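Read the structure below first, then the notes.
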């Protein structure tokens, strides 16, 4: 077995193909031992907790730390797993999440809370792009019920923000950041005369959906007016 440690990753290469009926698609659900007798003795001696635990543990430990999942590659002669030292959220977000101090918050809930913290509010479509394999509507309903998020707006334009309890407990620097983004947009509209959603997205280096939400909030509070439809819409100071 070869173990190579790089600055940004660890690569573990095991000689030989995947055993038995195991494939890259079923390796988390299926277990297979090349030497079942040795595994049975090791389990009796307490050296392993259960068969096939190693792969599940790798995924679980990476998920808990909000790091990219392991990447497996298999050929006819070897199997390689790469563990990247790359987080799905930045260090500041990780510190903020640690302040919550709750093991009952799932990985998807943590990522949704980080998105709400960064953007101020988050729409279901934002989360679907970020969590393509998650039932986002069920996730949001669960988070509202648990008091993690609060619903903002009505049907068709519903967004979600951190609940007051979460803000009191761990703070929300994202609100201040959101206010700064609004001010940047106002300053740019004042300089240009008007702005489109795509121009605003490039300015803030943010997703068009998130920027559209910011612009619409400025319209609702009467600071900006919108002219035109959909992609041709532009925003002007009132």
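Values quoted throughout were computed directly from the atomic coordinates according to the rules given, and no laboratory measurement underlies them. All values reported here derive from a predicted model rather than from experimental measurement. Neighbour counts are summed over all protein chains in view; Cβ atoms, including those assigned to glycine, are modelled from backbone coordinates with ideal geometry.
For the chain, the 222 nm mean residue ellipticity estimated from helices alone, with every DSSP H stretch of n ≥ 4 adding -39500 (n - 2.57) and the total spread over all residues, rounds to -14000 deg cm²/dmol. Based on the Kirkwood approach, the hydrodynamic radius assigned to the range 2-84 is 14.0 Å, with every pair of different Cα atoms included. Mean-square fluctuations from a GNM of the chain, with a 10 angstrom spring cutoff on Cα atoms, peak among 119, 24, 140 at 24. A simple spin-label model places pseudo-atoms 7 Å from Cα toward Cβ; at residue 30 and residue 6 they are separated by 3.0 nm. Shape analysis of the chain yields a ratio of the Cα radius of gyration to the Kirkwood radius, Rg/Rh, of 1.11. Please compute the contact order of the chain in relative form: average sequence separation of alpha-carbon pairs under 8 Å and at least six residues apart, divided by the residue count, as a percent. For the chain, the relative contact order is 13 percent.
Computing FRET efficiency as 1/(1 + (r/R0)^6) for residue 146 and residue 60, where r is the C-beta to C-beta distance and R0 is 25 Å, gives about 0.70. Modelled label positions at residue 168 and residue 14, each set 7 Å beyond Cα in the direction of Cβ, lie 5.0 nm from each other. Comparing 44, 107, 195 in a Gaussian network model of the chain (Cα springs below 10 Å), the most mobile by mean-square fluctuation is 44. The base-10 log of I(q)/I(0) for the range 65-136, evaluated at q = 0.13 Å⁻¹, reads -0.49 [Debye formula, identical scatterers on Cα atoms, solvent excluded]. Within the listed set 116, 200, 145, the Gaussian network model of the chain (springs between alpha-carbon atoms below 10 Å) gives the highest mean-square fluctuation for 145. Quick one: length gained pulling residue 94 to residue 131 fully straight, 0.36 nm per residue minus the C-alpha distance? Using 0.36 nm per residue and subtracting the Cα-Cα distance, I get 11.5 nm. Taking the square roots of 5 times each eigenvalue of the Cα gyration tensor of the range 91-171, largest first, gives ellipsoid semi-axes of 19, 14, 12 Å.
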